[in-house]
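As structure tokens, the structure follows; a few thoughts come after it.
The values are calculated or read from the model by the stated rules, or taken from the named source; none is laboratory data. What you are looking at is a predicted structure, and each value in this text was computed from that prediction instead of being measured. So basically every Cβ, Gly included, is an ideal-geometry build from the backbone, and we count neighbours across all protein chains shown.
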């Protein structure tokens with residue numbers, strides 16, 4: 001598997017006091033759409049800035065397509081299209097002037113630069129705003145211009161930091177669709193704390209927490225990690241009928257059931273048991289009891305649950321991991337599959 | 001190509017900003033006012049020195065330093081990191097291009113304002129004023145040295161802005177450190193380091209001929225030194241003989257009449273400003289390249 005990004009024991013400590021990135025080893029497969037997930041302050045943005053050479057690591061190393069990252073690694077930056085959160089752009093310029101400047105900085109000849117900036121402005125829907133100064137742009141327009149700027153050099157790797165932050169639903173949809181399209185031809189790393197974005201577009205995911213990578217791998221593997229085989233049935237009917245159905249379902253083999261509220265029945269299937277068979281029996285009870293079924297949701301596939309569980313595990317295993325790594329010198333601790 | 005693109009971009013930004021435009025207008029008006037008020041009174045060399053006074057002493061040195069401060073300070077730094085330095089350009093390419101744009105801007109304003117005024121003062125007929133022996137060589141040397149001082153001031157602002165990060169703090173520190181230091185250097189009559197002293201020495205430099213200066217300077221220097229030595233010896237003997245030493249001589253009140261600059265050395269002054277300029281740019285670049293953005 002060729003890697004677009006590889007970091008080894010990457011560490012960033014600010015002023016000897018604040019640990020922003022903590023011994024992080026990350027591998028992003030080439031051609032993947034990789035979601036870098038984590039709460040605010042987890043170290044996602046710092047990681048991106050270390051890859052870009054805007055910051056120097058305290059320890060460890062980072063590579064992009066096999067080339068070492070660093071302050072003077074212009075070759076690496078030439079392969080990266082960076083979109084910062086709420087991009088701060090030179091306000092006195094107009095979109096064409098800004099993209100023209102970036103094209104020159106990226107050493108693009110005029111015959112490539114001019115048509116590309118025009119097509120990018122059209123692609124991000126800013127053709128009508130070419131005569132406006134950037135400081136008059138809304139957040140969505142700035143993000144779209146930032147997207148165009150990140151694509152100006154046609155790089156094989158895109159690092160987008162919270163690309164949907166502050167966008168209205170239409171702009172958010174546009175951005176997610178664009179990521180999906182661009183992901184067909186290049187590697188994309190999207191740093192975000194919005195789980196639904198990751199759920200929709202990413203095939204690989206890494207979860208950062210307090211500067212550490214606590215999980216890294218394919219999306220489906222992360223979802224598989226959720227221990228609860230749980231289903232949520234949304235039903236309608238008298239509350240006493242729902243309670244009775246829950247009691248009867250709870251007596252079924254390999255099934256634990258409870259009424260969460262007046263309209264929700266939560267069913268948990270024991271590990272190893274046939275989920276289809278258990279669920280069929282529960283649904284039969286619902287039908288016999290005269291309840292109207294509105295929806296069945298699998299909590300098992302809920303990224304949010306998986307994510308929260310990972311964070312809880314990490315909090316619980318903090319010291320165990322330290323001891324484990326001291327003994328084995330390994331990248332991954334017990335109970336996580338970070339690689 | 002990236003450095004050239006940044007240079008053009010910075011030049012465009014500077015000239016579209018209000019600071020440079022207002023400065024150009026104000027400097028032009030002040031120069032015209034100086035020229036008009038001294039038209040029938042001052043000889044060409046002293047008039048030229050007066051025209052250069054705002055650039056070397058007060059108030060334009062502040063603008064020059066402020067222009068130097070701005071490239072990598074305050075909120076500009078965020079836009080710079082997000083918009084430019086995350087692209088395939090090195091930091092020193094950006095910094096040097098940005099510094100060069102500021103130097104070019106400052107020198108452009110300086111020459112735009114000063115050149116027509118100096119040419120007018122030199123070639124226009126002014127019957128009320130005695131003829132002056134200003135030479136082309138002197139004018140060229142003076143233009144070079146004043147340009148160098150302005151470059152030095154930009155670089156000093158550049159260094160302060162890079163080290164202190166906040167433009168206001170950098171401006172205040174520069175004003176309260178550089179200006180008193182300049183006065184101290186002036187009392188020592190070190191034209192190599194003090195723009196105030198250099199401004200006083202300019203009339204002498206403007207009158208320096210191209211070929212003769214070396215011989216004449218040597219002669220003048222030795223006679224001046226001999227006279228000074230004799231005066232000092234007399235003083236010592238008077239004190240040993242129980243007499244009172246002579247009171248120190250007082251300079252005349254006129255700014256350009258104070259001091260004797262016949263031993264003025266172009267190369268000494270040139271090195272006096274160019275070495276600190278290079279050092280300031282090198283230190284600023286080194287610091288910026290090591291900084292986390």
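Residues in segment B:56-93 that are modelled with pLDDT of 85 or more and within 9 Å of chain A (Cβ to nearest Cβ): how many? The number of residues fulfilling the criteria is 10.
Regarding segment A:4-16, can at least one residue be identified that is within 14 Å of chain B (Cβ to nearest Cβ), at pLDDT 90 or above, assigned to a strand (DSSP E or B) and over 25 Å from residue B:80 (Cβ atoms)? Yes, because at least one residue in segment A:4-16 is within 14 Å of chain B (Cβ to nearest Cβ), at pLDDT 90 or above, assigned to a strand (DSSP E or B) and over 25 Å from residue B:80 (Cβ atoms). As a summary of the residue check, residue B:36 satisfies the conditions (1) farther than 30 Å from residue A:49 by Cβ; (2) touching a helix residue (DSSP H, G or I) at 6+ places or on another chain (Cβ under 8 Å) except for the one numbered (2). Picking from residues in segment A:39-56 that are more than 10 Å from chain B (Cβ to nearest Cβ) and surrounded by fewer than 24 Cβ atoms within 10 Å (Cβ to Cβ), the one that is farthest from residue B:88 (Cα to Cα) is A:39.
So, in segment B:263-292, exactly how many residues are surrounded by fewer than 19 Cβ atoms within 10 Å (Cβ to Cβ) and either within 14 Å of another protein chain (Cβ to nearest Cβ) or out of contact with any helix residue (DSSP H, G or I) (no Cβ under 7 Å at 6 or more places or on another chain) (or both)? Final tally of qualifying residues: 14. Against the test of being facing chain B (nearest Cβ under 7 Å) and out of contact with any strand residue (DSSP E or B) (no Cβ under 8 Å at 6 or more places or on another chain), the options A:95, A:109, A:87 yield a single qualifying residue, A:87.
Only a single item in (1) surrounded by fewer than 23 Cβ atoms within 10 Å (Cβ to Cβ); (2) more than 14 Å from chain A (Cβ to nearest Cβ); (3) without any contact (Cβ under 8 Å) to a residue 60 or more places away in the chain is not met by residue B:135, and it is number (3).
Filter the strands (runs of 3 or more DSSP E) completely within segment A:125-219 down to those with at least 3 residues that are crowded, with 18+ Cβ neighbours inside 10 Å and within 14 Å of chain B (Cβ to nearest Cβ).
In segment A:125-219, A:157-161 are the strands (runs of 3 or more DSSP E) which contain 3 or more residues that are crowded, with 18+ Cβ neighbours inside 10 Å and within 14 Å of chain B (Cβ to nearest Cβ).
How many of the residues in segment A:47-61 are free of Cβ contacts under 8 Å to residues at least 60 places away in the same chain and within 16 Å of residue A:163 (Cα to Cα)? Of the residues in that region, 1 qualify.
Against the numbered list (1) facing chain B (nearest Cβ under 7 Å); (2) farther than 16 Å from residue A:137 by Cβ; (3) surrounded by fewer than 20 Cβ atoms within 10 Å (Cβ to Cβ), residue A:68 comes up short only at (1). Against the criterion of being in contact with a helix residue (DSSP H, G or I) (Cβ under 7 Å, 6 or more places away or on another chain), crowded, with 20+ Cβ neighbours inside 10 Å and outside any helix (DSSP H, G or I), residue A:36 qualifies. Within segment A:59-94, the set of residues being under 20 Å from residue A:3 (Cβ atoms), part of a loop (DSSP other than H, G, I, E, B) and in contact with a helix residue (DSSP H, G or I) (Cβ under 7 Å, 6 or more places away or on another chain) comprises A:69 only. Checking each residue in segment A:147-159 for being within 19 Å of the chain's Cα centre (by Cα) and under 15 Å from residue B:83 (Cβ atoms) picks out A:147, A:150, A:159.
Restricting A:285, A:279 to those that are surrounded by fewer than 20 Cβ atoms within 10 Å (Cβ to Cβ), outside the structural domain of residue A:60 (by TED's automatic domain parsing) and outside any strand (DSSP E or B) reduces the list to A:279.
Given the criterion within 14 Å of chain A (Cβ to nearest Cβ) and either surrounded by fewer than 13 Cβ atoms within 10 Å (Cβ to Cβ) or part of a helix (DSSP H, G or I) (or both), identify the matching residue among B:3, B:31.
The match here is B:3.
Hey, among the residues in segment B:276-293 that are out of contact with any strand residue (DSSP E or B) (no Cβ under 9 Å at 6 or more places or on another chain) and part of a loop (DSSP other than H, G, I, E, B), which one's modelled with the lowest pLDDT? Selected residue: B:293. The residues listed here are A:235, A:269; of these, the one that is surrounded by 17 or more Cβ atoms within 10 Å (Cβ to Cβ), modelled with pLDDT of 90 or more and not assigned by TED's automatic domain parsing to the domain that holds residue A:212 is A:235. Here residue B:140 meets each of (1) buried (at least 19 other Cβ atoms within 10 Å of the Cβ); (2) part of a helix (DSSP H, G or I) with one exception, condition (1).
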